[in-house]
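**Student:** Here it is, the structure, as structure tokens.
The values are calculated or read from the model by the stated rules, or taken from the named source; none is laboratory data. The model shown is predicted, which means the values in this text are computed figures rather than measured ones. Here the Cβ positions follow ideal geometry from the backbone for every residue, glycine too, while neighbour counts run over all protein chains shown. Areas reflect the complete protein model, heavy atoms only, side chains present, ligands, DNA and RNA absent. Shrake-Rupley method; radii C 1.70, N 1.55, O 1.52, S 1.80 Å.
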Amino acid sequence: MAGACHSTAVEFQDVVRRRRMVRRYADRPVDPASVDRLLDNAVRAPNAGFTQGWAFLVLDTPRDITRFWESTSPAGEEEGRSAVTPNRWLDGMRTAPVVIVPMSDKGAYLDRYEEADKRPPDWPVPYWHMDTAMASLLILQTAVDEGLGACFFGVPGTRVKAFRSEFAVPEALTPIGAITVGHHTDDAGSPGSPARRPRRTDVVHRGRYRSPEA
């Protein structure tokens with residue numbers, strides 16, 4: 001039993017270490033079974049009150065992918081939709097054959113915490129966003145386990161209305177970001193932050209917070 005646990009821990013550490021934000025993808029489709037596993041794991045994320053106040057919009061056809069980028073890209077307006085201005089980051093991201101949009105549902109949490117088995121909440125942060133973010137991380141980690149690349153990025157606030165309209169998303173749901181998914185390619189495209197910035201080593205504090213300047 002101990003050996004089996006050690007093996008699992010090593011595999012998990014490998015997934016954590018290999019996770020990177022991938023910004024360009026190979027011209028290959030993603031197995032629908034892999035996408036299903038991404039989502040099966042996402043809905044197992046921790047969530048307050050087992051509210052499950054989230055939804056995931058899966059876009060996996062060329063037409064839907066194009067509609068996503070047209071509705072969310074912050075460029076000049078063209079007939080009520082964005083005119084997508086090419087750039088290196090966007091050119092790379094648009095090669096992804098799958099986009100998943102995780103969305104949080106604040107109302108589901110407010111309703112859940114009015115039920116008899118719950119007390120009025122004192123949330124220091126919006127847990128509907130927190131829980132959906134944890135589900136998003138499970139998507140990113142499962143992508144690594146599936147041999148895929150993925151990247152989480154934000155949907156500009158000025159484009160949320162256009163996104164809702166394009167995909168009939170109700171006002172109750174808030175996209176917390178989007179995730180591109182696809183196969184790795186040798187062309188990495190835009191370098192990620194780890195290529196430009198070192199990993200910080202002053203963020204863990206034991207016993208009490210110690211200022212980096214101290």
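**Student:** Could you please find all residues in the range 95-113 being aliphatic (A, V, I, L, M) and in a loop (DSSP other than H, G, I, E, B)?
**Tutor:** Correct list: 96 only.
Each row is one residue, and each column tells you yes or no for (1) hydrophobic (A, V, I, L, M, F, W, C); (2) without any contact (Cβ under 8 Å) to a residue 12 or more places away in the chain.
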site	(1), (2)
101	yes, no
106	no, no
111	no, yes
118	no, no
122	no, yes
128	yes, no
131	no, no
139	yes, no
143	yes, no
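**Student:** Could you please give the count of residues in the range 17-51 that are of a type outside the set (A, V, I, L, M), assigned to a helix (DSSP H, G or I) and open to solvent by 20 Å² or more (accessible area, probe 1.4 Å)?
**Tutor:** Going through the range 17-51 one residue at a time, the tally reaches 8.
**Student:** For the range 52-95, enumerate the residues that are at pLDDT 95 or above, open to solvent by 40 Å² or more (accessible area, probe 1.4 Å) and over 24 Å from residue 27 (Cβ atoms).
**Tutor:** Listed by number, the residues that qualify are 52, 56.
**Student:** Sticking with this one: So in the range 138-181, with the set limited to residues that are in contact with a strand residue (DSSP E or B) (Cβ under 8 Å, 6 or more places away or on another chain), among the small types (Gly, Ala, Ser) and closer than 23 Å to residue 40 by Cβ, which one is surrounded by the fewest Cβ atoms within 10 Å (Cβ to Cβ)?
**Tutor:** That would be 177.
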